[in-house]
Amino acid sequence: MNCPKYYAVVGNPNSGKTTLFNSLTGLRQKVGNYPGVTVEKKLGHFIGQHGEKIELLDLPGSYSLSAHAPDERVTRDVLLGLRTDTPRPERLLCVVDASHLERNLYFITQVLELGLPTIIALNMIDLAKGHGIAIDAAKLSQELGVPVIATQANHSESLLPLRLALSRAEIGRSTWSPKLPSVWGRAIDGVAALWAEQEEGRLVQFDPLVRTKSMLLLAAPETELELLSMEMKAGRALGVALAQRTMLDRELPSWREVLVSERYQRINELCQAAQGRSSMVSDQFTQRLDDFLTHPFWGWLGFLGMMGLMFVSIFVIAAYPMEWIEKGFNLLSTLVTMVLPPGDLSDLLSNGVLAGIGGVVVFLPQILILFFFIGLLEDTGYMARAAFLMDRVMSKVGLHGKSFIPLLSSYACAIPGIMATRTIENTKDRLVTILVAPLMTCSARLPVYALMIEALFPGGSIWTKGALMMSLYLLGTIMALFFAWFFKKTLLRGETPIFLMELPPYRRPALKQIAFQMFHRSNLFLKRAGTVILGISILLWFLASFPKKKVEISLSKGDQLEQSYAGRLGHLIEPAIAPLGFDWKIGIGLVAAQAAREVFVSTLSIIYHVEGEEYETKENRMALSKTLLQEKHPNGTFVYTPLTCLSILVFFALSMQCISTLAVVYRETNGWRWPLFQFFYMTGTAYVVCLLLYQGGKLLGFR
């Protein structure tokens, strides 16, 4: 390169790395994508102390050189010189969040072992001071062996010392290294020998780059080992790496965990040497709290109390604003019908547009409450403790503790639960959680459950009905865990993640920041999901409203539905659903329930001419359930037998019937591949289970 100084800017996500890059380079940037991946490539430059051009490459944020995500792989490959489209950097500018020093140093110490000239920008120093953390930059520089300069990326005047340091001709190379087991050192030497040059039969000193490649090859997961070997052109080193891994498994079975814990132990010692006493004042208080909150018994007690509070809030507190929103949209719908003359336009606006928008906005209170609690728990430092406790349970199905919160919130609604998976770093774990979240029993299923249980046990005790309701919740949960295990073993195969998480200090929550995140995430939800949901809701309105029989003015609502496209579809799918015990009228309800599960009840109330729309009240539920019990097939047999009611309950417990959820999955996965897979695997499972249940019950003599 013509540029005399070429730096790669590296650091953890949210460390202020890109802000610092923008502050240094200003408008002197070029932005594109790395060839072959949709990862942004940002190059910029500034003029140094002696008038020379200093070029910066802003690499994607990363937590480790053991990369999994596409953006992290780009960072790893550039640092190792594996990309032909990007030269290996000559120097490094490592950006560290001073308020989370220990967490940031895990990746930075890996980068330092590459042996490149390095400068560390101790960024967000103002936030660290605000949290009572005093860091001795000179002491940290002495320990690491490279320049460490305190910065505030959003204050350009604080960047002058960094600009001067970047302009220097000579920069130190770090000699810092973790204290790792000797057996690990022997394994590295064994792999590195095939990459190192040999002279007169004696091995020369291994290059730091060779050692880093050897370490990454040794530690790579089984599923990524062959691909990584090809990328690094390891050749015969792959065979040696496999042999050395066998040796490690034999002599140090927990070597993966040991490597991580030993690095963190060394980093912890480094932080203790560099941080002032003000950051240690609360150590005893933090330890006492952790002794309680991570205790095998008391920790679970505190955890269940906090999760129960969040669970109740999502159900109870959100019910009031959700009711207000529903009433508001009902009022708007009434006004539309009063202002506009009866006709298709009025019907479209009231039952299509307003119903579609209202179906989106009604979830907003739950989303806001969910993200308020998530923000509160994260900001105070408790979320890391909760995930730590849940790791043992989730690891049984191949996931870890971070998947628990999204699954828990899906009991209220799968939409905020799926959005909450954004806290899961591993792509496969996040996708598995998204795929199984709708199996958790959401509140939209309750009207269906209440109606069919009433029809199933018209004279049953409240304990019997309650037991069946709890069984349906348990069924959904068991199936969610089963499919999580199944996907992790097959379709999204991957090792059960080693759950290592820094337990951050407890802090006072920043309510303004939490409020901003609530606004930001709810705004994204409305913008991204609203348009898709609105369009599909209008389509469903059209299918349920047309064609209309103009000559039969007095046509009833039930007859109109039967003659509509949706009604015709009900007759069309009847042969397929009849083996489950369903007739064409139930088929119409299943079609309408694609908009939202609870629509099944309102659809049945119209079909069976039950007066009034407030079917959620006890009186109307009983009226509808009694009507269902009187419904007969053309041959005189009853439609809603106990076996049919049970089949409907199981079908709704397992099937995917929520366009809103599919729309959010589409937005979260950037395509229709996974939403369609989710729809077919859930509905297919529901069909098979109900088929076995209904036909098996008939063979055993049940009705």
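Is there a residue in the range 167-184 that is within 27 Å of Pro60 (Cβ to Cβ), in a helix (DSSP H, G or I) and either among the basic types (Lys, Arg) or in contact with a Leu (Cβ under 6 Å, 6 or more places away or on another chain) (or both)?
No, every residue in the range 167-184 fails to be within 27 Å of Pro60 (Cβ to Cβ), in a helix (DSSP H, G or I) and either among the basic types (Lys, Arg) or in contact with a Leu (Cβ under 6 Å, 6 or more places away or on another chain) (or both).
Do you know which residues across the range 126-155 are surrounded by fewer than 21 Cβ atoms within 10 Å (Cβ to Cβ) and in a helix (DSSP H, G or I)?
Within the range 126-155, Asp126, Leu127, Lys129, Gly130, Ala137, Ala138, Lys139, Ser141, Gln142, Glu143 qualify.
Look at Arg597 and say whether it is under 17 Å from Met479 (Cβ atoms), surrounded by 19 or more Cβ atoms within 10 Å (Cβ to Cβ) and at pLDDT below 90.
The answer is yes for Arg597.
In the range 138-176, which residue that is among the small types (Gly, Ala, Ser) and within 36 Å of the chain's Cα centre (by Cα) is modelled with the lowest pLDDT?
Looking at residues that are among the small types (Gly, Ala, Ser) and within 36 Å of the chain's Cα centre (by Cα), I get Ser156.
Quick check on Leu439: is it closer than 27 Å to Pro416 by Cα and surrounded by fewer than 19 Cβ atoms within 10 Å (Cβ to Cβ)?
Numbers: closer than 27 Å to Pro416 by Cα: yes; surrounded by fewer than 19 Cβ atoms within 10 Å (Cβ to Cβ): no.
Taking the combined requirement at face value, the residue does not satisfy it.
Filtering the range 32-60 down to residues that are outside any strand (DSSP E or B) and surrounded by 20 or more Cβ atoms within 10 Å (Cβ to Cβ), which residue is modelled with the lowest pLDDT?
Looking at residues that are outside any strand (DSSP E or B) and surrounded by 20 or more Cβ atoms within 10 Å (Cβ to Cβ), I get Pro60.
Please specify each residue of the range 83-101 satisfying the condition of being modelled with pLDDT of 85 or more and either outside any loop (DSSP other than H, G, I, E, B) or of a type in the set (A, V, I, L, M) (or both).
Listed by number, the residues that qualify are Arg91, Leu92, Leu93, Cys94, Val95, Val96, Asp97, Ala98, Leu101.
Which residues, counting only those in the range 78-115, are over 20 Å from Tyr264 (Cβ atoms) and either touching an Asp or Glu at 6+ places or on another chain (Cβ under 7 Å) or of a type in the set (S, T, N, Q) (or both)?
Within the range 78-115, Leu82, Arg83, Thr84, Thr86 meet the criteria.
For the range 372-389, which positions are within 15 Å of Gly417 (Cβ to Cβ) and modelled with pLDDT under 75?
Ile374 - this is the single residue of the range 372-389 that is within 15 Å of Gly417 (Cβ to Cβ) and modelled with pLDDT under 75.
The values are calculated or read from the model by the stated rules, or taken from the named source; none is laboratory data. Small disclaimer: the values here were computed from a predicted structure and weren't measured. Cβ sites come from the backbone with ideal geometry, for glycine too, and all protein chains shown count toward neighbours.
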